[in-house]
1. So, in region 120-132, of the ones that are in contact (Cβ under 8 Å) with a residue 40 or more places away in the chain and surrounded by fewer than 15 Cβ atoms within 10 Å (Cβ to Cβ), which residue ends up nearest to residue 277 (Cα to Cα)?
2. With the condition kept exactly as written, say whether any residue in region 39-48 is of a type outside the set (Asp, Glu), part of a loop (DSSP other than H, G, I, E, B) and within 22 Å of residue 237 (Cα to Cα).
3. Checking the condition part of a helix (DSSP H, G or I) and not acidic (Asp, Glu), which residue from 201, 225 passes?
4. Within region 331-369, work out how many residues are buried (at least 21 other Cβ atoms within 10 Å of the Cβ) and not small (Gly, Ala, Ser).
5. Please pick out the residue among 335, 300 that is part of a strand (DSSP E or B), more than 22 Å from residue 15 (Cα to Cα) and in contact (Cβ under 8 Å) with a residue 60 or more places away in the chain.
6. Is it the case that some residue within region 231-249 is closer than 21 Å to residue 170 by Cα and either assigned by TED's automatic domain parsing to the domain that holds residue 53 or not in a strand (DSSP E or B) (or both)?
7. Scan 268, 272 and give me the residue that is farther than 14 Å from residue 197 by Cβ and aliphatic (A, V, I, L, M).
8. Residues of region 305-330 being part of a loop (DSSP other than H, G, I, E, B), at pLDDT 95 or above and surrounded by 14 or more Cβ atoms within 10 Å (Cβ to Cβ), which ones?
Amino acid sequence: MGNYQIIATAAMGLEALVAKEVRSLGYDCEVENGKVTYTGDETAIARSNLWLRTADRIKIKVGEFKAFTFDELFEKTKALPWEEFLPEDAEFPVIGKSVKSKLFSVSDCQAIVKKAVVERLKKHYKRSTWFEETGALYRIEVALLKDVATITIDTSGQGLHKRGYRIDQGEAPLKETLAAALVMLTNWKADSPFIDPFCGSGTIPIEAAMIGQNIAPGFNREFVSEGWKWISPTIWDAARNEAEDLANYDQPLDITGSDIDHRMVKIAQENAFEAGFADIIQFKQMQVRDISTSKEYGVIVGNPPYGERLGDKKAVEQMYKEMGQAFSKLDTWSIYIMTSNEGFEQLYGKPATKKRKLFNGFIRTDLYQYWGKRPPRQSN
């Protein structure tokens, strides 16, 4: 088995959560802006893809170096051991990005990296002709930041938020990775009730159910690196068997999702069925002002409309007020609401216990946290 430098990429604000997940898999890691780096073998690559709920992608770092000129980029890329990763028939497109760097033309950087990899592989495979690229996919990325080039190969394929259960969605769907993060940022435990009053296509309740039963989020999908010859199928089999063994399908859950739109409720039910939670998550059409429960010590997580479009603003502000009134009766519940509306606390009628900055796509939001009373301690 080899040892690789692995990068788990993360959305802004979620790096610490991704690092916590990486450490729970047993790997020491370092946290940087937008990524978590660690060292691991082929098993680590498989387990990271299967288990990381809040990461965007798992990449292998092939090399990192300073590059101020195109010549430097070419020679230093060519010096990397590409033959250790790419077989002779590999398909290897190159994508790129450049931030605050002298080499700012991304298309030129991509072309130069591609040419350098080809030259290295031609020498290794003793070829004078071009490569057909008919085999497995190895997507290479050259990322320049302040004149430092980081060159990686993507092991995930589709982003890790593509869990495979979403048949349909609304017009502003929440990414599965962010939905999982919202659940993980609460104090929810699988034996307490959970409500999402703005469930949309059901993403937050479904992610909560997967967390509650410890189901690996990548269990029902494939990854591009499963087609790579140097990661044996037995490694993937072992990683999936581990995930199967660790899943707790018998854990009872009390999870409810509601939405004002009956069409979204139907979509949420279909997605939950696809995810295997048809009998576990209850979905209902309901306005947030009508939410009430006699249950105690539960958690509410919501991603309501933000009122960013002018026509929606008044209706959304009224809904925030009604939400505050309805939830004021739930004094043992902890409530977590994500919105970009800076006047949320005034409208809701109560200052948050704590706020956390998050990004929903490119929208800067806050997660307003209202911590409920703690349950009385059980005496022995």
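1. 132
2. No, region 39-48 contains no residue that is of a type outside the set (Asp, Glu), part of a loop (DSSP other than H, G, I, E, B) and within 22 Å of residue 237 (Cα to Cα).
3. 225
4. So the count comes out to 12.
5. Working: 335 fails: in contact (Cβ under 8 Å) with a residue 60 or more places away in the chain.
None of the other options fit; the residue is 300.
6. Checked region 231-249: no residue is closer than 21 Å to residue 170 by Cα and either assigned by TED's automatic domain parsing to the domain that holds residue 53 or not in a strand (DSSP E or B) (or both).
7. Details: 268 fails: farther than 14 Å from residue 197 by Cβ.
After applying the criteria, what remains is 272.
8. 330
The values are calculated or read from the model by the stated rules, or taken from the named source; none is laboratory data. For clarity, every value in this text was computed on a predicted model and none was experimentally measured. In this analysis, Cβ positions are derived from the backbone assuming ideal geometry, glycine residues included, and neighbour counts consider all displayed protein chains.
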